[in-house]
Amino acid sequence: MLNRLVFIMMLLLTSNSMFAHNNNVTSSTISTDSINVYHQSSNDLISRNLFIEFGGPSCGVGIGYDQRFKPNSVFGFRTGISFTNGTFDNGGLWGANDGYYNEVDFSGVTLPLEVNAIMGNRASKFELGVGATPCILERTERTYSGWHHAPYADKHGVKLNIMGTINIGYRLQRKSGFFLRVGFTFLLVDLKYSPMDGLLLMPNLSLGYTIR
């Protein structure tokens, strides 16, 4: 009888030990799986940038939004809204271009749109973007002839304009936190469709924050 009791107690102890071991293995597996799922879901998130922009495709001061098309993608897009105000003339050094030149005062709202690519393995990246900036501007356009200081033609009104843009520069792109863009934007413009004319170079600075 005593031998049977001892045998049963040994079986119970062995069973409890195996159950505890299995629980530990299961808990460890669940914990490891949870960590792996967390890291996988974290890597699957898309970085989104909110920023204030000076110059560049905005041609003024405004706010912008930028993100990748998919997680860890080189390619992405940006958009925004800005206010611009300025004066442009194509008279050159001597105040005349083939006997005529134009002077344009403009102010209004710009809507920069761009597809871009960022290249680099770390937070510091090279950026290249191509886009267009539609604008709703109030324009006053004066046309001068030769050395005459008084304009012989004067146009005023609100007009829909558009500018082509090529953006080149440096980008500080972290997974989250401070966001920076600095570089130059080439403006492809024509007075028939925009407040400026020719191929112009505009400095670009953006400061913001990255969220995921």
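Read-outs throughout are calculated quantities, based only on the coordinates presented, and are distinct from any laboratory measurement. For clarity, every value in this text was computed on a predicted model and none was experimentally measured.
Here are the numbers for this structure:
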| read-out | value |
| --- | --- |
| Other-chain or far-sequence residues with amide H under 5 Å of Asn90's (modelled H) | Asn102 |
| 5 angstrom amide H check on Ile162, placed H, neighbours 5+ away | Cys135, Ser194 |
| Lysine pair count for region 45-211 [Cα-Cα under 15 Å; pairs on different chains or 8 or more apart] | 4 |
